[in-house]
Amino acid sequence: MPANGTELKKSSLPDQATSPQKLGTFGGVFTPSLLTILGVIMYLRFGWVVGNVGLIGTLIIVTLSTSITFLTSLSIASIATDTQVKGGGAYYMISRSLGIEVGGAVGIPLFIAQALSVALYVIGFAESLVAVFPALNMTLVGVGVTVAIGLLALFSTEATIKTQYFILAAIAISLLSLIFGSPLENTQIEIGGEITSGGEGFWVVFAVFFPAVTGIMAGVNLSGDLKDPAKSIPKGTFLAVGCGYLVYMVLPIILASRADTASLINDPLIMRKISLWGNGILLGVWGATLSSAVGSILGAPRILQALAQDQVLPRNFSWLGKEHPGSGIPRAGTIFTMVLAIIAVILGDLDMIAPILSMFFLTTYGVLNIAAGVERLLGSPSFRPSFRTHWFFSLLGAVGCIAVMFLINPLATLIAIFLVGVTFVWLKRRGLRTTWGDVRRGMWLALTRTALLRIDHTPDPKNWRPHLLVLSGAPTRRWHLIELAKAIAQRSSLLTVATVLKTDDIAYDRLKSLETNIRDYLEERGVEALVKVTSDADPFSGGVRLIQTYGIGALVPNTVILGDTRELSHHGSYCEMIQQFYQARRNVVIVRDDEKEGFQRKHTIDVWWGGLRKNGALMMILAYLISNDPAWRSAEITVKMAVPSRAAAQDAEANLEKIIQNMRISFQHKIIVNPQTPFWTLLKQESQSADLIMLGLAEPNENFLTYYEQLSERTQGLPATMFVLAAQEIAFEEILL
């Protein structure tokens, strides 16, 4: 496990089976959702909406808004009926589908949105109360109400839910009073709701109205307190969305037929004047705003609790994940939410907060739709929801959310995406580890399958990559091999770190445990690599077997990196292994260096060149790739060539300079005239100060053992050296030119 990582276990969230509160569909989902939908926007801003965009415009806004929430409800139902939904609502669903990083990146803004919703509804309550009693101070009323509902939520979730039944009755009375009311006297009734010249634009009005239909989160956020979330969430949410849509489609007709445009825009309590019993509207306003605020102050702390228990929040905030042992209420999170809401009440106003909430909720809805759509599109055997939604509708909902966000406010949308992105990167860098599965693995498997089936088996020089298999043994002993392989791979090639254990009797579980340990060690050192551990009584034959069997389809390691052998008794088996690699058409890179000194400064690389074909071309490619690694970026690469005479030197100089120029690489070159000095002596003289030397390796034949022993003897005392053998049937020179 990475040192900076945190493993999150399936039991990190409380099971609803042990939760003290057990709520059903009506009390736990339908009632809080509907009361949040029929809330402050309906009573205090719906007349303003009709006045600004007219009756037809209002019906379009209601239908468009409800369509987005309905599509999102389908996605929620699909996810909720596939998995056991615990505390955290939408955050829990997203994190278990798209991963902890995506869940956290959306969950944190979602908590903020829920906390600000408390302020939105409290401000609405205070605004309506001050309109009736002008002597009251709206800020003081707002703060007092926030504290009151916060204290209620601190001590009894069940009692808080029960109070909503009375509020639901009050809203019903207020709506009946409105239905049986009468038009304003001495006003010109405009059925079409003609828009005034100074009216707000369609999308501005949409942004103010949209939070009215976001009540579907109220029930989802109480998922941890439900008896049967998989049953209650879909059923209760659909009923709430349907009832809310019916009410919001009827009310504009009543408003447009009973009041003129100016009255609708300028009088927040216009419903009171056109109702049969005006005070009934006040009861509805106060009840709806308070119940919505209560629903939000119940939901927000539970999202915060889930974030803290999953360790998405920094460790200093782990106390927010605690709950009261007797009631199961997240009291610390409730207090934190209450303080945040009080600050928003003091600083904000209704029209300023509503559009901000629209962005946060639309972001959450969009990601929920993506989660459900991707799960369905991948067709994973594990995804078997009892409520099936076609992936098209989920992705349509996601597109709708994103489109509406840009139409409302492009700048605010980009800021919201940026904040989610920054949070995602922050969580990714923290290296959170989970023990639950998510859809990302299925996505990568689907993409991998598609790619593997489309990779051409015919070698293509223009798209060649050095897919490396490093026979490193214990990574801590031969780290220089992995370090060099990482420099060559550079996140554009596949890198596999392999170990062959010298035994023919080892348990499978032991092999997998070793692979996990090596993988964690590589992650700690910042190396992205696959890991393979196998065993064989003879490690050399085990290496050959690994090369012959490792890979899938056309995607197999094409280049083997290994260290040299220092045991003379092993030379025969070692050379036989190299021959087998060559016959299997695997390029071979043998690295010999002082394990204590490694590659030293990484300032100079000497490439001893014998021509452009085969080994020469592959050495140039590898040198170029190494030079792009940050650790080697300042290295000076010199292509060196020995010739017997000055005349040959002139031709070689012109030829080599032209080749390097055509390669478009900034290598230096040096032609050395050497009529008498043995090459190996010259090599030691010219490259003694290099940090890495690259030499070609002869093709293996029946005399390869003798050749290799002579090579080892002649290159003793050199700095770190790479022996390169090109074996693939590919024109490496075409990669360079």
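The values are calculated or read from the model by the stated rules, or taken from the named source; none is laboratory data. Here the structure is a predicted model, which means the values were calculated and not measured. All Cβ positions, glycine included, derive from the backbone under ideal geometry; neighbour counts span all protein chains shown.
Couple of notes before you dig in:
- For the range 228-263, a residue qualifies if it is farther than 24 Å from Ser33 by Cβ, surrounded by 18 or more Cβ atoms within 10 Å (Cβ to Cβ) and of a type in the set (A, V, I, L, M, F, W, C), and the qualifying residues are Ala256, Ala259.
- Members of the range 102-117 that are among the hydrophobic types (A, V, I, L, M, F, W, C) and over 17 Å from Leu347 (Cα atoms): Val102, Ala105, Val106, Ile108, Leu110, Phe111
- Checked against (1) closer than 19 Å to Pro557 by Cβ; (2) under 30 Å from the mean Cα position of the chain (by Cα); (3) of a type in the set (Asp, Glu), Asp520 passes all but a single condition, namely (1).
- Of all the residues in the range 208-266, those that are part of a loop (DSSP other than H, G, I, E, B) and either free of Cβ contacts under 8 Å to residues at least 40 places away in the same chain or not hydrophobic (A, V, I, L, M, F, W, C) (or both) number 6.
- The lone exception for Arg566 - which of (1) surrounded by fewer than 21 Cβ atoms within 10 Å (Cβ to Cβ); (2) in the same structural domain as Met663 (by TED's automatic domain parsing); (3) more than 39 Å from the chain's Cα centre (by Cα); (4) of a type in the set (D, E, K, R) it fails: (2)
- Of residues in the range 176-191 being assigned to a loop (DSSP other than H, G, I, E, B) and of a type in the set (A, V, I, L, M), the one modelled with the lowest pLDDT: Ile189
- Condition met for Gly299 (more than 22 Å from the chain's Cα centre (by Cα), farther than 18 Å from Leu178 by Cβ and surrounded by 24 or more Cβ atoms within 10 Å (Cβ to Cβ)): yes
- Test: residue in the range 319-340 that is in a helix (DSSP H, G or I), acidic (Asp, Glu) and either in the same structural domain as Val49 (by TED's automatic domain parsing) or modelled with pLDDT under 80 (or both): no
- Candidates Val560, Val556, filtered to the one that is within 37 Å of the chain's Cα centre (by Cα) and crowded, with 21+ Cβ neighbours inside 10 Å: Val560
- Residue that is crowded, with 24+ Cβ neighbours inside 10 Å and outside any helix (DSSP H, G or I), where the choices are Gly88, Gly51, Gly103: Gly88
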